[in-house]
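The values are calculated or read from the model by the stated rules, or taken from the named source; none is laboratory data. What you see is a predicted model; the values in this text were computed from it and never measured. Note: ideal-geometry Cβ built from the backbone for every residue, glycine included; neighbour counts use all protein chains shown.
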Amino acid sequence: MGSERESTDVVILGAGPAGLVLGNLLLRSGIDCVVLERAGEEHIRNRARAGFLAAHTVRVLRRHGLDEGLRKRGREHGTCEFRTEDGRFRLDYRRLGRGEPHTVYPQHELVADLLVSYVGAGGRIRFDTEAVEVGGFDGDRPWVTTKAADGGVERWRARYVAACDGRHGAGRRSLPSGVGRRHRHDHKVSWLGLLAEAPPSLDAVGYATHPRGFAGHMARSADVTRYYLQCTRGASVDAWGEEQIWDELELRMRSADYGPLRRGRILQRTLVDLESDVLDPLRYGSLFLVGDAAGLISPTAAKGANLAVLGAELLGTALSDELHRGDPGPLARYSARCLAHIWRAQDFSHWMIGLLHGSPPFQEGMRRSRMRALQTSRTQQDWFAEHYVGV
Ligand code: RFL
């Protein structure tokens with residue numbers, strides 16, 4: 001065993017939205033913590049992923065004074081446009097359901113803001129430090145062993161460990177077999193996720209269904225747009241040239257009828273298999289799982305980063321109740337409360353997958369029926385808006 005680190009109240013694994021929101025909350029309530037992150041600082045500051053923040057996420061960030069960048073550079077967004085074989089229609093979801101908009105703010109900018117705020121408040125973080133194993137969590141002195149980029153091995157001790165290190169992180173990996181249940185579902189759909197150096201082509205989120213597959217359009221900033229193209233499972237990210245990608249996007253988004261897309265360089269390509277994966281419970285003694293480590297959700301309804309922030313606030317508040325007020329109740333309820341939100345988001349995300357993809361023929365019939373109900377029923381539109389923006 002390598003060198004022994006000083007002990008702290010909470011060791012947080014991972015500096016994504018979950019880990020950094022939690023770190024900020026703990027620091028603000030005077031709880032000692034350290035964040036251990038496998039990647040380097042540059043990497044996490046530039047890792048482009050989500051961009052649509054739910055109204056609840058914005059409220060959490062505001063409540064804890066973590067919304068400065070968001071207030072300055074985030075843009076409210078409240079419209080989506082569906083393009084189908086039957087034409088196109090728009091939903092002004094800001095005026096439906098609970099009347100709430102999304103805020104468009106790239107995840108890596110949020111991560112950069114959270115990092116500045118955490119370090120500025122004296123928070124400790126170690127980059128290039130991979131958690132290898134978590135142990136002792138059935139008692140009250142859990143530990144984490146880490147390996148640094150230079151090969152150095154260390155052991156960190158804490159009262160609690162918060163695994164915010166994603167689906168393949170050390171938190172999940174360290175659970176003994178047979179404890180907890182993993183509920184997995186493969187939606188059998190894959191997307192090629194694209195980040196284009198091009199201004200948005202629509203003033204709405206665009207969802208297009210087409211016999212060749214789904215295509216999606218989501219603004220990220222004035223000159224960067226995310227697109228998705230449904231593709232075959234296992235396809236190579238480099239199978240298509242840039243012109244071919246734009247031609248395919250224009251075909252599926254029916255540009256001949258509704259206008260061309262604003263083209264630009266493709267900055268990033270990612271293959272995304274639409275999968276769901278929920279762990280139950282989310283507490284194992286003094287080890288807690290948060291964000292993607294707790295449950296992976298397909299990006300169809302843009303819920304992942306929002307669930308990460310929600311879980312981090314629930315855990316941060318519960319740890320504060322336990323450590324400052326000696327009230328173990330909220331910590332005991334963390335798993336059940338978090339799972340209720342996760343399952344609701346999974347349900348809506350699953351519904352959206354059915355709305356946007358349709359093969360074999362039975363699914364195609366269901367998809368069309370679902371789309372028509374959304375186009376014509378105000379009740380359905382209110383339900384959609386509430387779940388689309390909510391977590
Ligand atoms: P993260 O952001 O993955 O952060 C986990 C961190 O843990 C580190 N790590 C480790 N550190 C130490 N030791 C180890 N052993 C470690 N293993 C991993 C990693 O380097 C990383 O820094 O998880 P977190 O905080 O739970 O946040 C989850 C979100 O990042 C994720 O759910 C979203 O990005 C999902 N998502 C979207 N969510 C939305 O709410 N709205 C969207 O519009 C949206 N679009 C997307 C998305 C995810 C996408 N990908 C990744 C498939 C678009 C895409 C393309």
Next on the checklist: So in segment 272-293, with the set limited to residues that are away from the ligand (no atom under 14 Å from the Cβ) and surrounded by fewer than 22 Cβ atoms within 10 Å (Cβ to Cβ), which one is farthest from V161 (Cα to Cα)?
Outcome noted: D280
Item to check | Listing of helices (runs of 4 or more DSSP H) fully contained in segment 47-129 that carry 3 or more residues being within 16 Å of the ligand (Cβ to nearest atom) and more than 30 Å from D257 (Cβ to Cβ) | outcome: 55-63, 107-120
Checklist entry - Restricted to segment 295-341, and to residues that are out of contact with any Asp or Glu (no Cβ under 9 Å at 6 or more places or on another chain) and in a loop (DSSP other than H, G, I, E, B), which residue is nearest to the ligand (Cβ to nearest atom)? => result A302
Checklist outcome for this item: Every listed condition ((1) modelled with pLDDT under 95; (2) buried (at least 19 other Cβ atoms within 10 Å of the Cβ); (3) under 26 Å from R212 (Cα atoms)) holds for V391 save (3)
Checklist entry - Picking from R38, R49, which residue would you name as being under 30 Å from R159 (Cα atoms), buried (at least 17 other Cβ atoms within 10 Å of the Cβ), basic (K, R) and touching a residue at least 24 places away in the same chain (Cβ under 8 Å)? => result R38
Next on the checklist: Tally up the residues in segment 150-171 that are within 14 Å of the ligand (Cβ to nearest atom) and free of Cβ contacts under 8 Å to residues at least 24 places away in the same chain, please.
Outcome noted: 1
Next on the checklist: Just the residues that are more than 19 Å from V272 (Cβ to Cβ), more than 13 Å from the ligand (Cβ to nearest atom), small (G, A, S) and surrounded by 13 or more Cβ atoms within 10 Å (Cβ to Cβ), please, taken from segment 172-220.
Outcome noted: G180, A198, S201, A204
Checklist entry - Limited to segment 29-44, what total is found for residues that are closer than 16 Å to G120 by Cα and either near the ligand (Cβ under 8 Å from one of its atoms) or of a type outside the set (S, T, Y) (or both)? => result 7
Checklist entry - In segment 205-257, how many are of a type in the set (F, W, Y) and at pLDDT below 95? => result 1
